[in-house]
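Everything on this sheet refers to the single structure shown next.
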Amino acid sequence: MATIVELKGMTWSDPRGYDPVVAASDVFARTHPGVTIKWDKRSLQGFETTPVDELAAQYDLMVIDHPHVGSVADQGCLLPFEAHAGEDALAELANQSVGRSFQSYFLHGRQWALPIDAATQVQAHRADLSSRVTRWSDVVRKAEDGNVIWPLRSPHVLMNFYTLTANLGRPCATSYGDLIDIETGLQVFEQLCAVSRYMDEAFYSMDPIAVLDELANSDRYHLAPLVYLYKGYANEGYRANRIHFTDMPVLGRNGPLGSALGGTGIAISSKTTHPKLCTGFALWLAGAECQSGLYARSNGQPGNALAWSNPAVNAPVLDAYYNTRLTHETAWLRPRHNGYMQFQEEGSEIVADVLRGRLDPNAAVARLNEQFRASFNDRG
């Protein structure tokens, strides 16, 4: 009689996060008799904020995002993939990464997760209402006309700041010191405020899902200038109207580079009693065959570059992967040190206060730099 193994997984509740891992687990179970993987899910906000060590105490497998890597690397709550994955297998996935997705889960000489979903801030627009824009000045004009909607809930309001600083060619710091110089900080705040002065207060409580729902279901707004890619909104029948995703509008002269990288990875708890089985599932889930086929067909947004280059994967989503590839390949990797997650919350509040007219930009830059330095717990 086959041994019964029940693995527990945690992911996030959007169909993009839940459906593909459930479908993949069903296929994996059929090829591994006696093995089942049952998935729980949490909200997007919970996904972005729940400490990974809490999840690792309860689950064998977890879908995480990379800003948590610094804390999990120090806490030892995740199993590094080098423990049970071959060097060649990891090298192959690294070579198949969309931009820095694979690298985003590598820290202190260890790979803590494998990318299964690639995303960064791109442009979303209703092609039936207006054309895409190419420059930030075009975003300002559309905002003046009342056509722009924007996710300004934490942490997305801070991601906007990150994206524009990097797009100018002067990205925020990722190691100890000031986050940003005063000149760049003030320039970016000026450009953000040029748009935010026309934004509804409700946007400060909206995440990308809420914004894309409104953009798809209403004709009031035409454009979300910086929003994480959610390929589902490009699918036929997902919402009332389809959304086109294209490269981000640029502020500097460097093209659509510097967008704040997002996406998700599959990680393994260091407490699992089935590390080899979990590693086998994760490697298959992140691999080109699964990502280009089952994963993409099951509402997934792949993280594997071979899937992104596949015409059959692009066709159902209005070529979203082709049309945002440059932005993804040149995306900026935010800080990941132990202590960063608290700064992300604090920094989001600071940026939001500037955009709402509650805080002077000069004071905000000073406060961002002070809080960023303080987030490095080991520096005192």
Query raised in the report: Hey, does segment 103-115 have a residue that's basic (Lys, Arg) and in contact with a Leu (Cβ under 8 Å, 6 or more places away or on another chain)?
Result: no
Query raised in the report: If we keep just the residues of segment 197-229 that are within 21 Å of GLY262 (Cα to Cα), out of contact with any strand residue (DSSP E or B) (no Cβ under 8 Å at 6 or more places or on another chain) and not charged (D, E, K, R), which is most open to solvent (accessible area, probe 1.4 Å)?
Result: SER205
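Yes or no: segment 329-340 includes at least one residue that is of a type in the set (Asp, Glu) and either open to solvent by less than 40 Å² (accessible area, probe 1.4 Å) or more than 16 Å from ALA260 (Cβ to Cβ) (or both). Let's see the steps before the verdict.
Filtering segment 329-340 for residues of a type in the set (Asp, Glu) gives 329.
If we keep only those that are either open to solvent by less than 40 Å² (accessible area, probe 1.4 Å) or more than 16 Å from ALA260 (Cβ to Cβ) (or both) too, we end up with none.
Scanning segment 329-340, I find no residue that is of a type in the set (Asp, Glu) and either open to solvent by less than 40 Å² (accessible area, probe 1.4 Å) or more than 16 Å from ALA260 (Cβ to Cβ) (or both), so the answer is no.
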Query raised in the report: If ARG367 satisfies every condition in (1) under 20 Å from LEU152 (Cβ atoms); (2) open to solvent by less than 60 Å² (accessible area, probe 1.4 Å); (3) touching a residue at least 12 places away in the same chain (Cβ under 8 Å); (4) more than 21 Å from the chain's Cα centre (by Cα) but one, which is the exception?
Result: (2)
Report task. Mind listing just one residue for me: the one in segment 17-33 that is open to solvent by less than 20 Å² (accessible area, probe 1.4 Å) and in contact with a strand residue (DSSP E or B) (Cβ under 7 Å, 6 or more places away or on another chain) and, of those, farthest from GLY280 (Cα to Cα)? Result -> GLY17
**Report entry** Checking TYR233 against (1) in a helix (DSSP H, G or I); (2) farther than 25 Å from ILE64 by Cβ, the condition it does not meet
**Finding:** (2)
Requested in this report: For GLN301, state whether it is in a loop (DSSP other than H, G, I, E, B), in contact (Cβ under 8 Å) with a residue 60 or more places away in the chain, touching a helix residue (DSSP H, G or I) at 6+ places or on another chain (Cβ under 9 Å) and under 21 Å from GLN121 (Cα atoms).
Outcome: yes
Query raised in the report: Is there a residue being in contact with a Gly (Cβ under 6 Å, 6 or more places away or on another chain) and among the polar types (S, T, N, Q) anywhere in segment 360-373?
Result: no
Query raised in the report: Are there any pairs with C-beta distances below 8 angstrom linking a residue in segment 160-171 that is within 18 Å of GLU345 (Cβ to Cβ) to a residue that is among the aromatic types (Phe, Trp, Tyr) and assigned to a helix (DSSP H, G or I), with the two at least 6 apart or on different chains, and if so which?
Result: PHE161/PHE189
Report summary line: Log entry, pairs with first residue in segment 313-340 being on the phi < 0 side of the Ramachandran plot and charged (D, E, K, R), second being surrounded by fewer than 21 Cβ atoms within 10 Å (Cβ to Cβ) and part of a loop (DSSP other than H, G, I, E, B), beta carbons closer than 8 Å, six or more apart or on different chains, reads ARG334/THR174; ARG336/THR174
Report summary line: With the first residue restricted to segment 68-93 and required to be under 10 Å from TRP112 (Cβ atoms) and in a loop (DSSP other than H, G, I, E, B), and the second required to be aromatic (Phe, Trp, Tyr) and open to solvent by 10 Å² or more (accessible area, probe 1.4 Å), Cβ contacts under 9 Å at 6 or more apart or on different chains are LEU79/TRP112; PRO80/TRP112
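The values are calculated or read from the model by the stated rules, or taken from the named source; none is laboratory data. Remember, predicted model here, so these are calculated numbers, not experimental data. All Cβ positions, glycine included, derive from the backbone under ideal geometry; neighbour counts span all protein chains shown. All accessible areas refer to the heavy atoms of the entire protein, side chains included, with ligands and DNA or RNA removed. Shrake-Rupley method; radii C 1.70, N 1.55, O 1.52, S 1.80 Å.
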